[in-house]
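Asks: Supplied in structure tokens, the structure appears directly below.
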Amino acid sequence: MSSPTSSNPLSTLAPKRKTKKKHFVQQKVEVLRASDPVLSVLMWGVNHSINDLHQVPVPVMLLPDDFKASTKIKVNHHLFNKENLPGQFKFKEYCPQVFRNLRERFGIEDQDYQVSLARSPPLKDEDGSCVGLLLTSYDRTLVVKEISSEEVEEMHNILSEYHQYIVTCHGNTLLPQFLAMYRVTVESEDTNLLVMRNMFSHRLHVHRKYDLKVKEVPTYKDADFKNNMQKVYVSDEEKKKVMDKLSGDIEFLVRMKIMDYSLLLGIHDVDRAEREEEGELEDRESSYEQEEEDEDGLALGSTSPEGISGYMNSFKPMGPGEFDPYVDVYAIQSAVGAPQREVYFMGLIDVLTQYDTKKKAAHAAKAVKHGAGAEISTVHPEQYAKRFREFITKIFA
């Protein structure tokens, strides 16, 4: 069996060194492959990368070079598992120590991260509005988004300040939780992938979803939000927490000269989820009874004093509207006495658009044509931030 050729210097470190990581068990599970070669290489690369990082001690502190570093693996004539992996591919990981540190600060163990992305293929998201790949890990805890080479550059531009901001705010933010950035090369075609924590729940179904953004005059990007008279019903205490986080995040984005971001809002309808669960339970019990009738027409399940319901009640999973705040970090319960029982998921997205020279030129051209005070779409980050904050304040009841 031929082994992959690797230019990754980490893979040459033989002795195992103890790190600060706890409960880490070396992954020896067989990595299932996806039918898409890019996904197969991603899964292979994540598995390889995390195992390699496990050999390297966690640095006491990050150095400037860590924010420019990358590791590359080039595989030629890959014969092992060739029915699932392409014969030649490249896998590049950007700033591995920085993202390792961010995962730790966001409370995500490397082993859990590895299992989420490498044990079973990520699922393609059905959101047609996204350009390029948009994936959710099979356990729904992570999102993998294809990004442009310009966005990779923008990520490098803000990474050091982003890391410092996460340290300062102790991870208490509505910003995306950036966990890793990779480049997968298959058949000479590069695909850049950014991994983030899923803003929506890994277990609660999101019944309604809105992408809220300001335009030239504050308007709803998602007309359904306005047409449905939708409001967010949270307690005054929760509203203050959200607006405090948002204010800090927006100040950071202004410093980074970033604009055109949106608020992603997902709503879990607890009453609807309870009705759906009851319907599924009835269907399940009905199918069990049908399947378990023997040739004499006796329901075998009924001969047991506990039966199916005894098995199902042997553990108590969380019900509709219940969530673990350490996992669903973007979730907020609706206020007591709200018109509907709901769980809201709120986070900032599309935060890699910097106010670059093109926008400056466009703004200058429009100012000449329409006058400096004209209401035009190409605004400064400060103006965008002010409008955005005012706009979000209005979504609360």
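The values are calculated or read from the model by the stated rules, or taken from the named source; none is laboratory data. Predicted model, so just to flag it, every value in this text is computed and none were measured. All Cβ positions, even for glycine, are placed from backbone atoms using ideal geometry, and neighbour counts span all protein chains on display. Surface accessibility is based on the protein's heavy atoms, side chains included, excluding ligands, DNA and RNA. Shrake-Rupley method; radii C 1.70, N 1.55, O 1.52, S 1.80 Å.
Yes or no, residue by residue, for (1) touching a residue at least 40 places away in the same chain (Cβ under 8 Å); (2) out of contact with any Lys or Arg (no Cβ under 9 Å at 6 or more places or on another chain):
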position	(1), (2)
L134	no, no
R140	yes, no
E146	yes, yes
E150	no, yes
E154	yes, yes
S160	yes, yes
G171	yes, no
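Asks: Moving on. Can you tell me which residue among V56, V46 is assigned to a loop (DSSP other than H, G, I, E, B), within 28 Å of S160 (Cβ to Cβ), modelled with pLDDT of 50 or more and in contact with a Leu (Cβ under 8 Å, 6 or more places away or on another chain)? Break it down stepwise before answering.
Replies: Numbers: V46 fails: assigned to a loop (DSSP other than H, G, I, E, B).
Result of the check over V56, V46: V56.
Asks: Separate question: If a residue must be hydroxyl-bearing (S, T, Y) and either part of a strand (DSSP E or B) or at pLDDT 95 or above (or both), how many such residues does the stretch 185-206 contain? Give the derivation first.
Replies: Residues of the stretch 185-206 that are hydroxyl-bearing (S, T, Y), as a first pass: 185, 188, 191, 201.
Filter again for either part of a strand (DSSP E or B) or at pLDDT 95 or above (or both), leaving 185, 191.
Qualifying residue count, the stretch 185-206: 2.
Asks: Restricted to the stretch 111-148, and to residues that are assigned to a loop (DSSP other than H, G, I, E, B), open to solvent by less than 40 Å² (accessible area, probe 1.4 Å) and of a type in the set (G, A, S), which residue is modelled with the highest pLDDT?
Replies: S137
Asks: Only one of Y233, Y210, Y182 is at pLDDT 95 or above and open to solvent by less than 30 Å² (accessible area, probe 1.4 Å); which? Spell out how you get there, then give the answer.
Replies: Working: Y233 fails: open to solvent by less than 30 Å² (accessible area, probe 1.4 Å); Y210 fails: at pLDDT 95 or above.
Among Y233, Y210, Y182, only Y182 is at pLDDT 95 or above and open to solvent by less than 30 Å² (accessible area, probe 1.4 Å).
Asks: Another question, if that's okay. If you go through the stretch 90-99 one residue at a time, do you hit one that is modelled with pLDDT of 95 or more, of a type outside the set (D, E) and part of a loop (DSSP other than H, G, I, E, B)?
Replies: Among the residues of the stretch 90-99, at least one is modelled with pLDDT of 95 or more, of a type outside the set (D, E) and part of a loop (DSSP other than H, G, I, E, B), which makes the answer yes.
Asks: I've got another one for you. Of all residues in the stretch 335-353, count the ones that are assigned to a loop (DSSP other than H, G, I, E, B) and open to solvent by 20 Å² or more (accessible area, probe 1.4 Å).
Replies: Initially, the stretch 335-353 is screened for residues assigned to a loop (DSSP other than H, G, I, E, B), giving 335-341, 350-353.
If we keep only those that are open to solvent by 20 Å² or more (accessible area, probe 1.4 Å) too, we end up with 335-341, 350, 353.
Residues flagged as assigned to a loop (DSSP other than H, G, I, E, B) and open to solvent by 20 Å² or more (accessible area, probe 1.4 Å) within the stretch 335-353 amount to 9.
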